[in-house]
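Visitor: So that we are looking at the same thing, I have put the structure below in structure tokens.
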Amino acid sequence: MLKKRRTFRRAKVCKFCLDKIIQLDFKDVKRLRGFVSDRGKIIPRRISGNCAYHQRALTVAIKRARSIALLAFAAETT
């Protein structure tokens, strides 16, 4: 008889809810850069752990930062 392994998964918590951030600012590039992959893609909610409200706001902030060249659209190739 095989024993089933029980794995404990920690629930992902929204970083913005923890810090009680109501509005995301597109000028806060240091915070936004953590939610963009090295290839320039926005990290999805299921991986980042953000709530739906903050993930939508994060996406808008990243797109605004990209449009005024604060963030790169894609990875820099050298």
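Visitor: Only residues in segment 12-33 that are touching a residue at least 12 places away in the same chain (Cβ under 8 Å) count as the first member; pair them with residues that are acidic (Asp, Glu) and assigned to a loop (DSSP other than H, G, I, E, B), Cβ under 6 angstrom, at least 6 apart or cross-chain, and list the lot.
Guide: Between residues of segment 12-33 that are touching a residue at least 12 places away in the same chain (Cβ under 8 Å) and residues that are acidic (Asp, Glu) and assigned to a loop (DSSP other than H, G, I, E, B), there is no close pair.
Visitor: So, of the residues in segment 1-15 that are of a type outside the set (D, E, K, R) and closer than 16 Å to Gly49 by Cα, which turns out to be modelled with the lowest pLDDT? Full working, then the answer.
Guide: Here is the first cut: in segment 1-15, the ones of a type outside the set (D, E, K, R) are 1-2, 7-8, 11, 13-14.
Imposing the further condition that a residue be closer than 16 Å to Gly49 by Cα reduces the set to 11, 13-14.
Working: Ala11: 82, Val13: 89, Cys14: 92.
The extreme case among them is Ala11.
The values are calculated or read from the model by the stated rules, or taken from the named source; none is laboratory data. Since we're looking at a predicted model, the values are computed, not measured. Every residue, glycine among them, receives a Cβ derived from its backbone with ideal geometry; neighbour counts consider all protein chains shown.
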